[in-house]
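The values are calculated or read from the model by the stated rules, or taken from the named source; none is laboratory data. On a predicted model such as this, the values are computed, not experimentally measured, just so you know. Reconstructed Cβ throughout: ideal geometry from the backbone, glycine too, with neighbour counts over all protein chains shown. These accessible areas exclude ligands, DNA and RNA; they are computed on the full protein's heavy atoms, side chains included. Shrake-Rupley method; radii C 1.70, N 1.55, O 1.52, S 1.80 Å.
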Amino acid sequence: MSYPILPYGRQYIDADDIEAVSATLRGDFLTQGPGVGAFEQALCEATGSPFATVVANGTAALHLANLALGVTAGSIGLTTPITFVATANSMRYAGASVALCDVDSETGLMTPDTVSSALEELETAGRLPTVLSPVDLGGLPVALPALRKIARQRGIKILHDAAHSLGATFTHEGGKYIVGDGSFADATTLSFHPVKHITCGEGGAILTPSPEVHQLLVDLRSHGIHRRPADMSRAADDPFVGGWYYEQATLGYNYRLPDINCALGLSQLKKLSGFIERRRRLARQYDEAFAEDSLAEFFTPVPQPSDRNSSYHLYIIRLRSRRDESQRDLAGRRKALYEFLHHHGIRAQVHYIPLHFHPDFEGRCWMPRGGLPGAEAFYASCLSLPLFPAMEGSDVERVVDSLRTYASSPMR
Ligand SMILES: *Cc1c(COP(=O)(O)O)cnc(C)c1O
């Protein structure tokens, strides 16, 4: 028997998106045209960020953000092990070494406590990081105001990886903030990969409140080349200088985002609030199911602190561990559940394999003396259930029914 496939996430493309891309293809500019600025302007309006720079993908956004915040050879970047490899790889591209900070075992997020304790240890060793990169796993914002305060005391910059949390909000001391608005981060990066909130096919962006950081990013995404007369090393009346002239002032990259992709991103952004509303509604439906005793005994959704409003890139549940159960046995039950769901066409996923599990990170990154027990407990028990705007309530019901079947079967 074969079952229809339900992925954990997928894009939503409508006729307006297709028309926006077609119009660009019929127009004058496939890249570096007016679509770039239009998309950037719309991102600023959606997030409240003073500046936005769109780039080829979310990884390029992280790479340039690290460079623009001063990460360089010999620097240290502190991040979470529960993230996609790109968060840490981008630090390595800039020449930094990676330090890993533990996370809360229930949310998978860095906390003020885990960050403080990692920084105390690093400070004692004389190895303070240049940058702290928290990740809003699944769309749930980290406690950014508190992390910012801890980082500021030591002159550390905040590079917020918000690949999951476009559109999420939080409150702090009576104020309401939007992820990426620049209130508590020096730079915030976004990804427009098809599984994320909005897509460009591939694409990414860096949001920043700093005009200097923004200018650096603009230069870095296009070979480090600029055409600003005021910044030229030669005088304008020099015969070797003219209308054709440009200068490479720093080593940059070709990380530009084509107008074709910007047109899709701009069209998608118009639907963002509807997408998030839909994701939140489906998440509520999952929440109600996990509140039932028959499921609550086995599973628990990631807790949602009341000062934050997730944009639900993912709906993550954890298997409850049994009394005296080893982590290995718990992981074995999660694996069995994953296989059971996949057998029934439900493509649940694990977010994420901790960075230090990868051979290319093992032995290459700093870890706290006490290890990363929160991250390992989270990894042993987490599972992301299907969640995307085109999903129907009946799809959620199908996932929940499969979990009920699993929970009542002898193999659980
Ligand atoms: C998707 C993602 C990235 C990288 O984005 P790409 O656009 O795929 O390069 C970085 N960090 C996190 C947490 C992500 O989920």
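Here are the numbers for the structure shown:
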| item | result |
| --- | --- |
| Selection count where residues are away from the ligand (no atom under 13 Å from the Cβ) and in contact with a Pro (Cβ under 8 Å, 6 or more places away or on another chain), scope the range 75-95 | 4 |
| Failed criterion for Arg279 (all others in (1) under 30 Å from Gln41 (Cα atoms); (2) surrounded by 16 or more Cβ atoms within 10 Å (Cβ to Cβ); (3) out of contact with any Pro (no Cβ under 8 Å at 6 or more places or on another chain) hold) | (3) |
| When residues of the range 194-221 are limited to those that are within 9 Å of the ligand (Cβ to nearest atom) and surrounded by fewer than 21 Cβ atoms within 10 Å (Cβ to Cβ), the one nearest to Gln32 (Cα to Cα) | Glu202 |
| Which listed residue is more than 30 Å from Arg279 (Cα to Cα) and touching a Pro at 6+ places or on another chain (Cβ under 7 Å), from Ala236, Ala230 | Ala236 |
| Members of the range 359-412 found to be part of a helix (DSSP H, G or I), open to solvent by less than 70 Å² (accessible area, probe 1.4 Å) and of a type in the set (Gly, Ala, Ser), listed by number | Gly374, Ala375, Ala377, Ala380, Ser381, Gly393, Ser402, Ala407 |
| Qualifying residue in the range 361-375 (condition: basic (Lys, Arg), modelled with pLDDT of 95 or more and in contact with a strand residue (DSSP E or B) (Cβ under 8 Å, 6 or more places away or on another chain)) | no |
| Set Glu120, Glu106: member being surrounded by fewer than 24 Cβ atoms within 10 Å (Cβ to Cβ), part of a loop (DSSP other than H, G, I, E, B) and more than 16 Å from the ligand (Cβ to nearest atom) | Glu106 |
| Top-ranked residue of the range 183-193 - restricted to ones that are near the ligand (Cβ under 7 Å from one of its atoms) and assigned to a loop (DSSP other than H, G, I, E, B), ranked as least open to solvent (accessible area, probe 1.4 Å) | Phe192 |
| Test result for Ala336, small (Gly, Ala, Ser), more than 16 Å from the ligand (Cβ to nearest atom) and in contact with a Pro (Cβ under 9 Å, 6 or more places away or on another chain) | no |
| Residues of the range 49-74 satisfying the condition of being in contact with a Leu (Cβ under 9 Å, 6 or more places away or on another chain), of a type in the set (Gly, Ala, Ser), away from the ligand (no atom under 14 Å from the Cβ) and farther than 14 Å from Leu216 by Cα | Ser49 |
| Options Tyr245, Tyr286: the member that is under 25 Å from Pro34 (Cα atoms), more than 16 Å from the ligand (Cβ to nearest atom) and open to solvent by less than 60 Å² (accessible area, probe 1.4 Å) | Tyr245 |
| Complete set of residues in the range 166-180 that are open to solvent by less than 30 Å² (accessible area, probe 1.4 Å) and either under 13 Å from Leu43 (Cα atoms) or in contact with a strand residue (DSSP E or B) (Cβ under 8 Å, 6 or more places away or on another chain) (or both) | Leu166, Gly167, Ala168, Thr169, Phe170, Val179, Gly180 |
| Filtered residues of the range 301-322 (kept if open to solvent by 30 Å² or more (accessible area, probe 1.4 Å) and farther than 24 Å from Ile5 by Cα) | Pro303, Gln304, Pro305, Ser306, Asp307, Arg308, Asn309, Arg320, Ser321, Arg322 |
| Tally, over the range 123-145, of residues that are open to solvent by less than 40 Å² (accessible area, probe 1.4 Å) and either part of a helix (DSSP H, G or I) or at pLDDT below 95 (or both) | 5 |
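Residues are listed down the side, and each one gets a yes or a no for (1) over 18 Å from Ala68 (Cα atoms); (2) of a type in the set (Val, Ile, Thr); (3) under 19 Å from the mean Cα position of the chain (by Cα):
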{"site": "Leu159", "(1), (2), (3)": "no, no, yes"}
{"site": "Gly180", "(1), (2), (3)": "no, no, yes"}
{"site": "Val213", "(1), (2), (3)": "no, yes, no"}
{"site": "Leu216", "(1), (2), (3)": "no, no, no"}
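Table: residues versus (1) farther than 30 Å from Phe170 by Cβ; (2) in contact with a strand residue (DSSP E or B) (Cβ under 6 Å, 6 or more places away or on another chain); (3) buried (at least 16 other Cβ atoms within 10 Å of the Cβ).
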| position | (1), (2), (3) |
| --- | --- |
| Phe290 | no, yes, yes |
| Phe299 | no, yes, yes |
| Asp324 | yes, no, no |
| Leu337 | yes, no, yes |
| His343 | yes, no, no |
| Ile346 | yes, yes, yes |
| His351 | no, yes, yes |
| Pro354 | no, no, yes |
